[in-house]
Amino acid sequence: GLNRGNGYSSALPGGLLQERDKRAKWNGIPTLLQKLFESSHPNSDLSQAHSFLKVLSSQLSIEAMSFVTEDRKTAQESTFPNTYTFDLFGGVDLLVEILMRPTLIMQKKKPKMNDDLVKDCLSVLYNCCICTEGVTKSLASRDDFVLFLFTLMTNKKTFLQTATLIEDILGVKKEMIHLEGIPNLSGLVQSFDQQQLANFCRILSVTISEPDVGNDDKHTLLAKNAQQKRNASPSRAEVNQVTLLNIPGFIERLCKLATRQVSEATGANFLQELEDWYTWLDNALVLDALMQMATEEAEQSSTESSDESSLSTSPLRHRLPQSMKIVHEIMYKVEVLYVLCVLLMGRQRNQVHKMLAEFRLIPGLNNLFDKLIWRKYTASNHVVHGQNENCDCSPEISFKIQFLRLLQSFSDHHENKYLLLNSQELNELSAISMKANIPEVEALVNTDRSLVCDGKKGLLTRLLTVMKREPPDSSFRFWQARAVESFLRGATSYADQMFLLKRGLLEHILFCIIDSGCTSRDVLQSYFDLLGELMKFNIDAFKRFNKYVNTPEKFQAFLTQINSSLVDSNMLVRCIVLSLDRFESQTEDVKVVEVLSECCLLSYMARVENRLSFLFRLINIINVQTLTQENVSCLNTSLVILMLARRKAKLPFYLNALREKEYAEKYPGCLLNNFHNLLRFWQRHYLNKDKDSTCLENSSCIPFSYWKETVSVLLGSDRTSLCAITSYIDEPFVDLDKDLIEFFTRRHGVGMIVTGLLAPPTRWRTL
């Protein structure tokens, strides 16, 4: 390797080195490195060194290009002999040393390195990173170098090369960097133009997102709770989020970037062009380099002749069609929306919300909706289902999904959700409340009308329009349904539901579930959850349901979909059970009595054997070891059924039915012991932190105190109490072996279902 101490020129005599070079096929790289080393001593002007570097650079960039164009998975180190040799003989260390040299000089006035030399050093390092992962890892382990790279971003000429290299390095870095460790971060960000800021967002995304725990057992609530105990203090990602929010003007500039218009003029063959380009451009920064070339070339031709038309005849301009500018803008917006989305879901949520409202993010996105976000000819049938975070989506698809995720986090349990409507639509909500003789929701009254959407339609209504046009199995449907559902979440609002019912949402959902042949579990789950929020406690919704599901065959098809996976449909089951309970207490209302007697869905749930059947299966498909954020709702739904039974003094009847079911299944004690364990877990989980309890209370309209009370009654240790689970487990089967229970629930249940569409936010499902 190369060592400054003895300068390796003395290590091998020239002739011997050349001889060895021929046999080893080193392509003269060690000799070139030796020359580079000798010409880059601290007092040299580096111009000679630069010419050696250029020769090296061309040898390495050929390999990097072939690597980018070939399938990365098949690439081996042996395929890139030049890069390997360059690193082997200390080339990487030498370049790092040359780059960082100015920072080590003690004088006040530091010597400035030639921009082109810096650019070439960075490009060579980037090429080495592309071809040999070891290089990326060793650079990532040098904190001084990583922080130094950020300081190079102040120079516009080397910005892109620096950004590309940083992005690669942060991708493999074991420890997340501390943003406050970057020298003068605030000044750095304020010096960026909008284009640089967008690329900087791409880098930031790694520093503010919690590392993904993966889809294994770490995803279980047991593991998550254990992790939370260990990490009581804010994580690095959370500290970094605060650092960003404290940069003056940062959020305002992101909102401007997210909502700026693209001057639009696209050809009809836009999609074809996009696909051709996209096959080899996997990086927004590569795109930038292209744009830079085009601009530089255009500038050059304008200096050569003052004739304006020469700009437009520049050959590269032809090869960068207008559509590329649009893709470019879309790629920027994806990065910006991602950062905003992460911040919206973090601990500083309320502060971020205030800023996004003030800087009119939502009206701005509303104005882009038809022109850019959901353009007429987006081929959403390109969407393959079940994509994950590192899927190779086209920029257009990533943009739509990122936009929908942003809407979801924006309106989820937050009163700013009414900013998604325009003034007429807000007036419509008030009118619905007046007509139904119920007070307006406080959040609606408090909405600042100067910050809402303008135009003929608000963002929510535009979303409904495109949602109805989506093909049955398109994964956009999943995200669209999640976004609309989060608007309805929280305490049930009759006016919000009616607003959506009047726009045909219920019929659309039922068509999707019953008639469209949709088989995607993700889409069905999101549609069931949305249907539950839309119908909960709303008698008009049940009336409409009955009108649509007007034959026994249709109702059977609906039940089949519900029963095919209770993990997916249990929120809807919970909504029906809760609504039925409320309607049964409103017998003085003629309309309610009429719907109760006619609606097939309510009559079905009113039969106690059907409620019991749901209860058995809900307890059966989960156990403490397999509980996740997604299926814990099964436990809460089973509790809702039992709380309502307890209100009517029917709890002993239900517990006895569970006992009989166990004996019939020849598994005495299994079901009840499993339920007992689940409830003990429930106590540890929900009584330890307050955030989920308000969710449970809001969504069920049952005070949390009643949830707690019911659980402790069920867990009572007195074997003579008729409401304690333990009274229904015969002596030999008390405290059954954990493994047996797990075997039983796995045999009968689904175990864990985890979906991975572009890394779902944790607040995916209301619990």
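Can you list the helices (runs of 4 or more DSSP H) found entirely within segment 308-417 that contain at least 1 residues being modelled with pLDDT of 90 or more and either out of contact with any Cys (no Cβ under 8 Å at 6 or more places or on another chain) or buried (at least 18 other Cβ atoms within 10 Å of the Cβ) (or both)?
On the way: elements: 309-313, 315-319, 322-344, 349-358, 361-368, 395-411.
The qualifying helices (runs of 4 or more DSSP H) are 322-344, 349-358, 361-368, 395-411.
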If you go through segment 471-488 one residue at a time, how many are open to solvent by 10 Å² or more (accessible area, probe 1.4 Å) and charged (D, E, K, R)? 1
Counting only residues that are open to solvent by less than 70 Å² (accessible area, probe 1.4 Å) and assigned to a loop (DSSP other than H, G, I, E, B), which one in segment 235-253 is farthest from N184 (Cα to Cα)? S235
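Would you pick out the residues in segment 575-591 that are farther than 22 Å from Y527 by Cβ, hydrophobic (A, V, I, L, M, F, W, C) and surrounded by 19 or more Cβ atoms within 10 Å (Cβ to Cβ)?
Just the residues of segment 575-591 that are farther than 22 Å from Y527 by Cβ, to begin with: 581-591.
Next, only the ones that are hydrophobic (A, V, I, L, M, F, W, C) stay: 583, 590.
Once the filter is applied, which keeps residues that are farther than 22 Å from Y527 by Cβ, hydrophobic (A, V, I, L, M, F, W, C) and surrounded by 19 or more Cβ atoms within 10 Å (Cβ to Cβ), segment 575-591 yields only F583.
Select from segment 420-432 the residues that are within 35 Å of the chain's Cα centre (by Cα) and part of a helix (DSSP H, G or I) and list them in ascending order.
Filtering segment 420-432 down to residues within 35 Å of the chain's Cα centre (by Cα) leaves 420-430, 432.
Hits for segment 420-432 are L420, S423, Q424, E425, L426, N427, E428, L429, S430, I432.
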Every residue from segment 598-619 that is within 18 Å of C575 (Cβ to Cβ), surrounded by 16 or more Cβ atoms within 10 Å (Cβ to Cβ) and aromatic (F, W, Y): F614
Kindly evaluate S613 against the criterion of being assigned to a helix (DSSP H, G or I), within 19 Å of L580 (Cβ to Cβ), modelled with pLDDT under 95 and hydroxyl-bearing (S, T, Y). no
How many of the residues making up segment 169-186 are in contact with a Leu (Cβ under 9 Å, 6 or more places away or on another chain), within 25 Å of I251 (Cα to Cα) and either without any contact (Cβ under 8 Å) to a residue 12 or more places away in the chain or in a helix (DSSP H, G or I) (or both)? 3
Segment 439-461 residues that are in contact (Cβ under 8 Å) with a residue 40 or more places away in the chain and open to solvent by less than 90 Å² (accessible area, probe 1.4 Å), paired with ones that are assigned to a helix (DSSP H, G or I) and aromatic (F, W, Y) (beta carbon under 8 Å, 6 or more apart): L444/Y418; V452/Y418; L459/F369; L460/F487
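The values are calculated or read from the model by the stated rules, or taken from the named source; none is laboratory data. Source: prediction; values computed, not measured. Positions of Cβ are backbone-derived with ideal geometry, glycine not excepted, and every protein chain shown enters the neighbour counts. Areas reflect the complete protein model, heavy atoms only, side chains present, ligands, DNA and RNA absent. Shrake-Rupley method; radii C 1.70, N 1.55, O 1.52, S 1.80 Å.
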